[in-house]
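Have a look at the structure below before the remarks.
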Amino acid sequence: MIKEIKYLLFIIIILVFIFFTGKYYFSDANKKKSYRSLINIDKKINLFSQSLPILENDTQTIIEYVKNTKTKKKKKYYFWELIDKND
């Protein structure tokens, strides 16, 4: 009997917790607070982005193309010949 009362008490406590959590989450006060915080974050982002310095592009002449005059002959491998050699 005590075991069943204990389980009933646990279930009641869990349901009350879920009820009050949902009531606060869906309340108008919580919606207003979250909306205001989103607006404040947007304002802070705009202020910060306006104070960022713009850097000049100095990468125009970075790449230098060099012709490779030393060409080494590479051995060409043939797939079927490699398999035959391993057998």
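Excluding the site residues themselves, the longest part of the chain lacking any chymotrypsin sites (Phe, Trp or Tyr not before Pro) in a DSSP loop with at most 12 other Cβ atoms within 10 Å is 27-64.
Straight-line cross-link reach from K76 at under 22 Å between alpha-carbon atoms covers these lysines, not counting any fewer than eight positions away in the same chain: K85. For the chain, complete DSSP H runs whose alpha carbons reach 24 Å or more along their own long axis and whose mean Kyte-Doolittle score is -0.5 or higher are 2-25.
The Cα-based radius of gyration of the chain, divided by its Kirkwood radius, gives an Rg/Rh of 1.56.
A short reminder: the numbers here are calculations on the coordinates, not readings from a lab. Note that the structure is a prediction, hence the values are computed from the model and not measured. Cβ: placed from backbone, ideal geometry, glycine included. Neighbour counts: every protein chain shown.
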